[in-house]
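Derivation of every value follows stated rules applied to the coordinates shown; laboratory data play no part. Keep in mind it's a predicted model, so treat the numbers as computed, not measured. Here Cβ is always computed from backbone atoms with ideal geometry, including for glycine, and neighbour counts include all displayed protein chains.
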Amino acid sequence: MEMMALEQDIHSSKQSVMLSLPRPPSVQEKVDAILLLRSPGNQFNDPSSSDVKLTITGRDGFSISINVHRHILTAQSRFFAAKFSDWWSKQHRMPLNAVEISDCEDVDLYLQTIRLMYCRDLRRSLIKESVTRVLGILKVSAAILFEAGVVSCLEYLEAMPWPEDEEERVTSLVSQLQLDSVASMEVLKRLSSIEMVETESIVARLLQSVIQGTDEKARRETKSLVSRMLRENPSIAKDSWDSCRGCIYRACESCLEALSRLFTQVIESSNAAGYEKEGTLGAQISRQADNLNWMVDILIDREIADTFVKIWASQAELASLYSRIPSVYRYDVSRITARLCMAIGKGQVLVPQDVRFLLLQTWFQPLVDDFGWLQRCCKSLDKKSVEEGISQTILTLPLKQQQFILLGWFDCFSRSAGDCPNLNRAFEVWWRRTFVRPLLETSCVHQLTN
């Protein structure tokens, strides 16, 4: 019983919601609203002064008859001018007193377009109309060769903000109608440009604005915005990224140069006991590291990060300076190594074996040294994903190189497991590959020979 009562309550609430929603007006209601509108001189649908009966019939059978004036329709529409002229010549100079338009797609839009012929200021008459409705009037105006109506609709569309979901309809209809006018070109300019768009220069400018920004809230917003637009924009396909690749890498090189300069300044200020200055420099180091991490994410997403792995792996001088910087100022930089290892471990970046080994030779120890700081200070850090990425990167190397990296890690892990990445699984795999697998293979060979 309780279940039935609950179902009834739900059904009643649905009905009340449906009843509260506004019902879209019917064709008859739209037509009535148009007929109530006044026109200059009140000539529209005026039976006392009109000389033609115009009947408009829709595809659904709905029909409306109105009183119109031959001279107004002839002056405004080349379609009606030709219709009246043709009748005049065929009927021995007898005037046409009744015109029927059948199979009309939208009777109310056709009627409103006819009414516009009676207005002195067509654009003002379109104010408060929706983009969808003006597109309908534009289509009718083009069909009946009502040039003033076409121009007014286009001028309205050019000046009016469009909802984003209407953009495709606007451009599609304007292009489809093939309107040879300045007004139509102005409408289309909003979404397309005749001139070639310099994608590389635009991307370079956006990157430069972000990496030079100092307001952290603004940086977060702009980084998110640029990343989202680059990811979602279908016009910048993978093939087109060749032109953007150079400007991204130039921005990366600029940040690397800034890091090297800042590291040197921190070392000099430490020697001079300039602790206050160190704090300012630390914030700048963090910002440059954040810039690089952001651009590395873009490169990985676009599958063009292989060159950056080589560049980062070759930063021996920067890594040498790095070891002389207090961890509190440098740990953000280790996020770059962590991100690259995660990408390599997932197969998102493919680089040769010598580059992978050089990457770990140069940056693995700094990453291990700073791992405790990363865990404590980087809330967004996924510890397990980083550990898995490092492990997989190590295990792609030859056994001798795996041994070199993992024995160094084991020394650090045995001293401070909490502040060190847990690479136990990688160590076990290396051990089995080195000691267990050869024994199994030897045993199999021995059995086969016997």
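Here is how the numbers come out for the structure above:
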item	result
Whichever lysines have a C-alpha closer than 21 Å to that of K83, once near sequence neighbours (fewer than 8 apart) are set aside	K53, K139
Karplus (6.51, -1.76, 1.60) ³J(HN,Hα), θ = phi - 60°, over segment 112-122, in Hz, Gly and Pro reported as x	5, 5, 4, 4, 4, 5, 8, 8, 7, 10, 5
For E257, net neighbour charge (Lys/Arg +1, Asp/Glu -1) across residues whose Cβ lies under 15 Å away	+1
About the Cα centre, charge dipole magnitude for segment 92-201 (Lys/Arg +1, Asp/Glu -1 at Cβ), debye	740
Summed residue charge, Cβ within 12 Å of L406's Cβ, Lys/Arg positive, Asp/Glu negative	+1
Percentage relative contact order, segment 199-399, counting C-alpha pairs under 8 Å, at least six apart	20
Alpha-carbon centroids, segment 130-195 and segment 39-81: separation in whole Å	25
Distance between modelled label sites at D86 and Y249, nm, 7 Å Cα→Cβ extension	6.6
T307/V182 FRET efficiency (R0 30 Å; Cβ-Cβ; nearest 0.05)	0.05
Set K189/K223; K128/K189; K217/K384; K346/K384; K223/K310 screened for pairs whose C-alpha atoms are more than 21 Å apart	K189/K223; K128/K189; K217/K384; K223/K310
Signed unit charges on C-beta, dipole axis of segment 142-189, positive-most listed residue I144, P163, S181	I144
Packing-based order for 379-387, 398-406, 248-256, using average beta carbon neighbours within 10 Å, highest first	248-256, 398-406, 379-387
Cleavage-rule hits (trypsin sites (Lys or Arg not before Pro)) in segment 328-376: DSSP loop, at most 15 neighbouring Cβ within 10 angstrom	K346
In Å, descending, principal axis extents of the Cα set of segment 128-195	32, 27, 18
Simple spin-label estimate for R23 and Q403 in nanometres, 7 Å along Cα-Cβ	8.6
Percent RCO, i.e. relative contact order, over segment 26-120, from Cα pairs under 8 Å lying at least 6 residues apart	36
K189 versus D297: modelled label distance in nm, points set 7 Å from Cα along the beta carbon direction	3.7
Residue-count net charge about D108 - beta-carbon cut-off 11 Å; Lys, Arg +1, Asp, Glu -1	-1
